[in-house]
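*Asks:* Below are the structure tokens for one structure; questions will follow.
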Amino acid sequence: MRILKSIDFLDVILVLLATLFIYAALNKLMTFQEFVAQISKSPYITKQVWWISWSIPSIELVIAGMLLIPRLQLIALFASFSLMYMFSGYIFLVLTFSPYVPCSCGGILNGMGWTSHLIFNIGFTLLAVAGIILYNRRNRQSFTVEPAF
């Protein structure tokens, strides 16, 4: 139980999210042609492939960097939540309404089925929510003013 008290769960969440975004972005950039080919098959984003193929890894890297800068962490946690929520929503739409399910994920995530990937994304979305709550708790405690008498 003592070990759990010394672990700062907010820091764990920040590192997990940053690691996920760095891994995902680098994987997309290292296999860029394959990434573009896969997302161009998506039934919902065919007209936006060029800017999406560059913006997703860029946004992931920017958010990862922000997660590691203390004064930007709350914004980064909200950005992480938003991005993971959008990714989860996209997967849900593809699974529910698309006849073709393209996979633009690489590495470890490529080995997951779409349902597993959705659960994984929802888990990281909830981690971002937990991070926001823990960040607010930490800052609320640090700004508490004790009475002088």
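*Asks:* Can you go through I133, I119, I108 and tell me which one is part of a helix (DSSP H, G or I), exposed (fewer than 15 other Cβ atoms within 10 Å of the Cβ), modelled with pLDDT under 85 and under 17 Å from the mean Cα position of the chain (by Cα)? First the steps, then the outcome.
*Replies:* Values: I133 fails: modelled with pLDDT under 85; I119 fails: modelled with pLDDT under 85.
The unique qualifying residue is I108.
*Asks:* Within the stretch 17-34, work out how many residues are in contact (Cβ under 8 Å) with a residue 40 or more places away in the chain, over 9 Å from L67 (Cβ atoms) and buried (at least 16 other Cβ atoms within 10 Å of the Cβ).
*Replies:* 7
*Asks:* For the stretch 11-98, please list each of the helices (runs of 4 or more DSSP H) lying entirely inside it that holds at least 1 residues being modelled with pLDDT under 85 and over 13 Å from the mean Cα position of the chain (by Cα). Step through it out loud before you land on a result.
*Replies:* Working: elements: 32-40, 49-67, 73-97.
The helices (runs of 4 or more DSSP H) meeting that bar are 32-40, 73-97.
*Asks:* Report, ordered by the first and then the second residue, all pairs with beta carbons closer than 6 Å, sequence separation of six or more or different chains, a first member in the stretch 40-63 that is in contact (Cβ under 8 Å) with a residue 60 or more places away in the chain, and a second member that is part of a loop (DSSP other than H, G, I, E, B).
*Replies:* These pairs meet every condition: K41/P102; S42/P102.
The values are calculated or read from the model by the stated rules, or taken from the named source; none is laboratory data. Keep in mind that this is a model prediction, so the values were computed, not measured. Cβ atoms come from the backbone with ideal geometry, glycine included; neighbour counts cover every protein chain shown.
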